[in-house]
Amino acid sequence: MRRLWWFLWVFILVISLFLDKFIINFFEENRIQNLNDFITTFSIFTNGYFSLVIVGLLILYYKRKLIFRFLIAFGIVGIVTYLIKIAVRRFRPFTISDIAGLIPDQSGFSFPSGHVVFAFFCLGFIWKDFKRFRYIWLVIAILIGFSRLYVGVHYLSDVIGGVLVGLFFGMLFRKTKRLKF
C-alpha cells in the first residue's frame, strides 16, 4: 500500500510539471491585495528554522530521547536538499519570466522548496508519536506550501517535490532502527 502512495505522489509530481506555468500565472493574476503582506510575512517567517524550533521544542518536551536523532536528520535533510537544488539548477519563476514575485530577493535555485521540505520532514518525523499535534502541523505545512506558490517564488512542482523529499526523509529517519544516534 505504501508503494502505491509513493507512486501516486511521483505521478502527481510529473503532472504538476505540466501545470507549473498555469498555476504560477493563476496566483499572480488572482492575488488578494489585502492578504499580500500577511502571506508574504508568513512565507518568510516559516522557513526551515521555524520548523526546527517549533517541532524541536515539541520533541524536546514530549519525546526527549528523539531530539538528537531529529537534529542530525534535520541537518542531513538540509544537505540533501541543497545538493538536489544544485543538481537540478531550476531557476525561480520570477527570474525567467515576467511573473511578479512578492519576494523578489529570493536567491538560490527553486527545486525543491526548502521551506516545504523542512515542514514535511517534520510532519513525517512526528506523525507516529504526536497524534494530536500532527494534524495541526499538517495544516501548517500545507499553508507553507501554499504561501510559497502565492508569493511567486516556487512552481507547483517545487512544492510537490518538497513534500516528497520531506516526507521520505522524515519517515525514514523516524522509523529506522539502524540509526543509533
Yes or no: residue 35 farther than 21 Å from residue 164 by Cβ, loosely packed, with under 15 Cβ neighbours inside 10 Å, modelled with pLDDT of 85 or more and over 17 Å from the mean Cα position of the chain (by Cα)?
no
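Conditions tested, residue by residue: (1) touching a helix residue (DSSP H, G or I) at 6+ places or on another chain (Cβ under 6 Å); (2) among the hydrophobic types (A, V, I, L, M, F, W, C); (3) under 26 Å from residue 24 (Cβ atoms).
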residue: 120; (1), (2), (3): yes, yes, yes
residue: 132; (1), (2), (3): no, no, no
residue: 136; (1), (2), (3): no, yes, no
residue: 141; (1), (2), (3): yes, yes, yes
residue: 151; (1), (2), (3): yes, yes, yes
residue: 162; (1), (2), (3): yes, no, yes
residue: 169; (1), (2), (3): yes, yes, no
Within the stretch 105-138, take every residue that is of a type in the set (Gly, Ala, Ser) and crowded, with 17+ Cβ neighbours inside 10 Å and give me the one that is modelled with the highest pLDDT.
119
If you scan the stretch 51-71, which residues turn out to be out of contact with any helix residue (DSSP H, G or I) (no Cβ under 6 Å at 6 or more places or on another chain), farther than 20 Å from residue 141 by Cα and in a helix (DSSP H, G or I)?
61, 62, 64, 65, 68, 69
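Conditions (1) aliphatic (A, V, I, L, M); (2) over 15 Å from residue 124 (Cα atoms), marked per residue:
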residue: 22; (1), (2): no, yes
residue: 39; (1), (2): yes, yes
residue: 46; (1), (2): no, yes
residue: 51; (1), (2): no, no
residue: 66; (1), (2): yes, no
residue: 74; (1), (2): no, no
Restricting to the stretch 25-57, name every residue that is among the hydrophobic types (A, V, I, L, M, F, W, C) and closer than 20 Å to residue 67 by Cα.
50, 52, 53, 54, 55, 57
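The values are calculated or read from the model by the stated rules, or taken from the named source; none is laboratory data. Since the structure is predicted, the reported quantities are computational estimates derived from the model, not experimental observations. Glycine gets a Cβ as well: all are built from the backbone with ideal geometry, and neighbour counts include every protein chain shown.
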